[in-house]
Amino acid sequence: PPPVRSGMAAAMATAPFLEPQALFCATLAFSVLRTLPALVRYYRWFSSSGLEISKHRGYGQTACRLFGVVGAPKLSVFAFAACGVLLALLLVVAPLATAVFGAAAVPQALLFGAALILYHLYFSQLYCEAHVGAHVTVLIPPTLIFLALSPTAMWPEGAGSGAEAHQLQARVASFTTWMVKLVVASAYCSAGVSKIASSLKGGRAWWDGATLQASVFEALLLCRKGTHFSFGVPTPFAHEVQVFALRRPRTLLAPMSFFSVFAEALAPLALLLPASFGGRLFAATGLSFHYGIAYLQNVDFVSWWGPVYAFFLLDPARGVAGADARLFGLAGSCEAAWALAPVRTALAVGYLTAHLAAMVTLHFFPTVEILPFSCFPMFKNLQDLFDPNRRKWVWLSEKPHATGTLNNYCFPFCRPQRVELEELDRLPFRYLLFGHNGSSEDVLHSNFDVSPELRAALARLQREGGCGAGAFREDPGAADRMLTSLLAAQEAFDQAPRARRGYEPPRADAVDAQHNETASADVSHAPAVSVLAHGLRRWASPESHGKGSEHETDSTCSEERVSARKACDKPGAFFDGVLRDLGFQDAHAGRRPFRILCLCPATFERIARRDAAAGNCVATCITEDAQGVKLLPAWKARGHSLVVGPQAASMQALAEKGSCFDAAFAGHSTLSQMPARLLAPGARLVLIEPSPRVA
């Protein structure tokens with residue numbers, strides 16, 4: 001091995017590469033340590049919460065694998081905290097060791113490879129946390145990979161210390177800088193292209209101000225007066241700034257939107273500017289852009305994307321006076337790196353190629369997540385606060401919008417992984433979700449009793465949200481009315497009771513029981529739809545047979561909620577009770593064949609497994625036929641039939657074949673897809689998801 005050098009000579013020899021590396025590592029370590037206490041507290045609660053989302057680890061909305069390949073283990077709280085501490089420690093030690101002993105004597109591949117492993121172990125536990133989830137940390141893995149593969153570690157001992165050697169080393173160091181800069185610039189470009197593609201597809205410009213106005217309004221759902229920090233980033237008077245922006249969609253938000261799309265889409269062109277000022281201009285623009293996002297949308301990219309800007313601010317090529325700029329360009333730096341370390345250079349270029357190829361490919365598969373590979377589609381969807389044809393979600397919560405809390409997009413209005421409706425009562429804070437306008441019916445879910453004042457305020461929000469597409473441009477008072485309605489809803493929310501009337505927190509020994517009460521929901525059905533007193537779980541109780549009239553009201557349900565829960569604590573013949581209540585009294589006797597359609601396969605499976613464990617023969621022997629339709633042989637032998645889980649196309653095929661069912665179990669999301677002729681005259685429709693209802 002080459003002799004170990006120490007002191008300032010070694011530090012100067014590695015200076016062209018050490019400066020950006022040290023700044024990146026120091027700022028990233030600071031962010032890790034700054035957020036560590038809050039994230040450890042969060043993980044202690046999250047890992048023992050019993051929520052469905054706590055059973056998964058990974059990245060993004062779906063808890064995907066790293067690069068779509070590497071799975072994540074479930075760590076103990078101690079192991080999680082240790083990974084965070086070790087990650088910060090490695091980030092501090094790596095540049096210090098390089099400065100003291102020299103790049104050739106420090107195993108950078110080992111150090112930064114270990115840092116990448118610790119990153120995976122640590123951040124994969126936080127996929128649904130508010131501060132570091134989704135795309136906030138996606139630039140860290142590629143940067144660590146490029147640092148681990150840096151050719152500067154192969155700088156030979158005795159290669160010289162004069163101007164020529166310094167220039168050559170700066171060229172080699174520029175190679176790693178170019179790799180990082182290309183990943184960053186392509187991420188911005190892909191984000192800009194996503195917004196332009198949405199504009200072309202939707203026939204409306206993303207930068208007209210309406211989309212950014214809707215994003216600011218969403219931030220105001222949780223950004224109250226007195227908010228001066230966003231995840232620790234100083235944003236003085238953020239609420240007032242957001243209100244100011246919300247009221248000016250055309251004069252302020254539209255120009256800002258246009259500039260952001262323009263800057264994102266053309267970001268790679270900035271790499272063609274001279275290193276002496278181009279990198280600093282890019283860094284200043286990018287950091288200002290992300291600080292604006294923190295101010296207007298309360299999303300912190302500054303803490304986690306900011307460290308990567310070290311490679312723009314301290315580009316190794318900027319300080320080599322009189323040198324030919326082409327030597328430090330992409331081709332020149334690749335040539336120098338290849339001559340020094342061909343294997344490392346090839347691996348780094350190979351990763352960059354895979355990263356860019358995945359970025360392009362994922363534009364055609366928008367629902368696929370393989371982070372940190374991404375097409376960066378953040379905020380691309382067109383929005384309009386006042387368009388009645390666009391679905392809108394309003395959420396009010398006691399949960400602070402801070403580090404160490406659940407992500408706002410892991411709740412029932414989002415795709416899995418998410419907190420399910422039946423789990424809302426387990427949350428340690430009050431939460432309300434209101435979906436309105438669009439093609440679906442209005443829904444209201446909460447884990448507390450919603451007061452008349454709050455309902456009235458939400459109704460005003462609904463009315464303002466449907467006043468007409470383009471109202472942001474044509475009606476100067478529309479934003480003020482929407483804001484007034486939101487403030488009234490927030491005030492009514494603050495005054496609402498902290499718990500549901502008659503609500504009992506679930507027992508510790510029953511945290512995983514499938515018979516927890518579903519979250520309350522106020523669904524605006526037609527008058528013909530009435531509510532069972534205790535919901536579907538009441539049917540499993542022997543005391544309830546013969547009850548459950550369709551004419552019982554919500555108030556009856558509220559008053560009898562506790563007794564219903566106690567009566568149904570034991571597992572039992574769920575479907576027996578359901579069938580009796582639906583009028584199929586002789587389900588076991590087999591004297592009346594019937595057909596049931598179940599469009600809630602996940603819920604059905606949970607209930608059926610529990611009933612089967614309790615010895616209920618009606619729910620045993622679930623199998624699949626050749627078409628993948630689940631049947632109950634015990635029912636079929638008596639002439640009965642149960643079809644579970646067909647999709648929209650399958651439902652249409654069943655209807656075309658003349659299939660007709662006596663009862664159907666369905667969720668709100670599947671009602672609009674179900675052909676009406678699938679139900680026989682007098683059939684019963686049971687809304688089993690998200691809340692039990694029967695019509």
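What residue, among those in the stretch 422-439 that are within 27 Å of V368 (Cα to Cα) and out of contact with any Leu (no Cβ under 9 Å at 6 or more places or on another chain), is least open to solvent (accessible area, probe 1.4 Å)?
G438
If I filter the stretch 447-469 for residues that are in contact (Cβ under 8 Å) with a residue 40 or more places away in the chain, touching a Leu at 6+ places or on another chain (Cβ under 8 Å) and within 30 Å of Q125 (Cβ to Cβ), do I get at least one hit?
yes
Among the residues of the stretch 270-290, which ones are in a helix (DSSP H, G or I), more than 15 Å from L330 (Cβ to Cβ) and open to solvent by 30 Å² or more (accessible area, probe 1.4 Å)?
Correct list: R280, L281, A284, T285, L287, S288, F289.
Against the definition (charged (D, E, K, R), out of contact with any Phe, Trp or Tyr (no Cβ under 9 Å at 6 or more places or on another chain) and in contact (Cβ under 8 Å) with a residue 24 or more places away in the chain), how does E422 come out, yes or no?
Details: charged (D, E, K, R): yes; out of contact with any Phe, Trp or Tyr (no Cβ under 9 Å at 6 or more places or on another chain): yes; in contact (Cβ under 8 Å) with a residue 24 or more places away in the chain: yes.
When the stated conditions are applied, E422 passes them.
So Y188 fits all but one of (1) closer than 24 Å to A341 by Cβ; (2) crowded, with 18+ Cβ neighbours inside 10 Å; what number is the exception?
(1)
Go through the stretch 300-353 and give me each residue that's outside any helix (DSSP H, G or I) and at pLDDT 95 or above. Quick ask: steps written out before the conclusion?
Kept after step one, since they are outside any helix (DSSP H, G or I), are these residues of the stretch 300-353: 300-301, 314-315, 320-324, 329, 341.
Those that are outside any helix (DSSP H, G or I) and at pLDDT 95 or above: D300, F301.
Are any residues in the stretch 379-399 open to solvent by 40 Å² or more (accessible area, probe 1.4 Å) and either touching a helix residue (DSSP H, G or I) at 6+ places or on another chain (Cβ under 7 Å) or without any contact (Cβ under 8 Å) to a residue 24 or more places away in the chain (or both), and if so, which ones? Full working, then the answer.
Kept after step one, since they are open to solvent by 40 Å² or more (accessible area, probe 1.4 Å), are these residues of the stretch 379-399: 379-381, 383, 388-391, 393, 398.
Once the filter is applied, which keeps residues that are open to solvent by 40 Å² or more (accessible area, probe 1.4 Å) and either touching a helix residue (DSSP H, G or I) at 6+ places or on another chain (Cβ under 7 Å) or without any contact (Cβ under 8 Å) to a residue 24 or more places away in the chain (or both), the stretch 379-399 yields F379, K380, N381, Q383.
Can you run down the residue pairs with Cβ atoms below 7 Å, 6 or more apart or on separate chains, where the first is in the stretch 42-56 and closer than 11 Å to K74 by Cα and the partner is open to solvent by 10 Å² or more (accessible area, probe 1.4 Å) and assigned to a loop (DSSP other than H, G, I, E, B)?
Matching pairs, first to second residue: H56/A63; H56/Q417.
Exactly one of (1) at pLDDT below 95; (2) aliphatic (A, V, I, L, M); (3) within 23 Å of Y351 (Cβ to Cβ) is unmet by L121. Its number?
(1)
What pairs come out if I take residues in the stretch 273-298 that are among the small types (G, A, S) and pair them with residues that are assigned to a helix (DSSP H, G or I) and surrounded by fewer than 18 Cβ atoms within 10 Å (Cβ to Cβ) whose C-beta lies under 6 Å away, six or more apart or interchain?
Sorted first by the residue in the stretch 273-298, then by its partner, the pairs are A283/L313.
What's the number of the condition F112 fails, among (1) free of Cβ contacts under 8 Å to residues at least 40 places away in the same chain; (2) under 30 Å from F231 (Cβ atoms); (3) open to solvent by 10 Å² or more (accessible area, probe 1.4 Å)?
Single failed check for F112: (3).
For T251, indicate whether it is within 20 Å of the chain's Cα centre (by Cα), part of a helix (DSSP H, G or I) and of a type in the set (V, I, T). Steps first, answer last, please.
Working: within 20 Å of the chain's Cα centre (by Cα): no; part of a helix (DSSP H, G or I): yes; of a type in the set (V, I, T): yes.
No: the conditions fail for T251.
Going through the stretch 90-119 one residue at a time, which ones are part of a helix (DSSP H, G or I), touching a Lys or Arg at 6+ places or on another chain (Cβ under 9 Å) and closer than 18 Å to A341 by Cα?
Passing the criteria: A104, A105, A109.
Evaluate the stretch 161-171: report whether one residue or more is open to solvent by less than 10 Å² (accessible area, probe 1.4 Å) and either under 22 Å from F301 (Cα atoms) or touching a Pro at 6+ places or on another chain (Cβ under 8 Å) (or both). Give the steps one after another, and end with the answer.
Kept after step one, since they are open to solvent by less than 10 Å² (accessible area, probe 1.4 Å), are these residues of the stretch 161-171: 170.
The next check asks that each one be either under 22 Å from F301 (Cα atoms) or touching a Pro at 6+ places or on another chain (Cβ under 8 Å) (or both); those that pass are 170.
Yes.
Pairs under 7 Å by beta carbon, first residue under 19 Å from Y351 (Cβ atoms) in the stretch 363-377, partner part of a loop (DSSP other than H, G, I, E, B) and among the aliphatic types (A, V, I, L, M), six or more apart or different chains?
Close Cβ pairs (under 7 Å, with a partner that is part of a loop (DSSP other than H, G, I, E, B) and among the aliphatic types (A, V, I, L, M)) amount to L371/V138; P372/V138; S374/V138.
Take the stretch 186-223 and flag every residue that is basic (K, R) and free of Cβ contacts under 8 Å to residues at least 24 places away in the same chain. Spell out how you get there, then give the answer.
From the stretch 186-223, those basic (K, R) are 195, 201, 204; that's our starting set.
Answer for the stretch 186-223, where residues must be basic (K, R) and free of Cβ contacts under 8 Å to residues at least 24 places away in the same chain: just K201.
The values are calculated or read from the model by the stated rules, or taken from the named source; none is laboratory data. None of the values given here were measured: they were computed from a predicted structure. Positions of Cβ are backbone-derived with ideal geometry, glycine not excepted, and every protein chain shown enters the neighbour counts. Areas reflect the complete protein model, heavy atoms only, side chains present, ligands, DNA and RNA absent. Shrake-Rupley method; radii C 1.70, N 1.55, O 1.52, S 1.80 Å.
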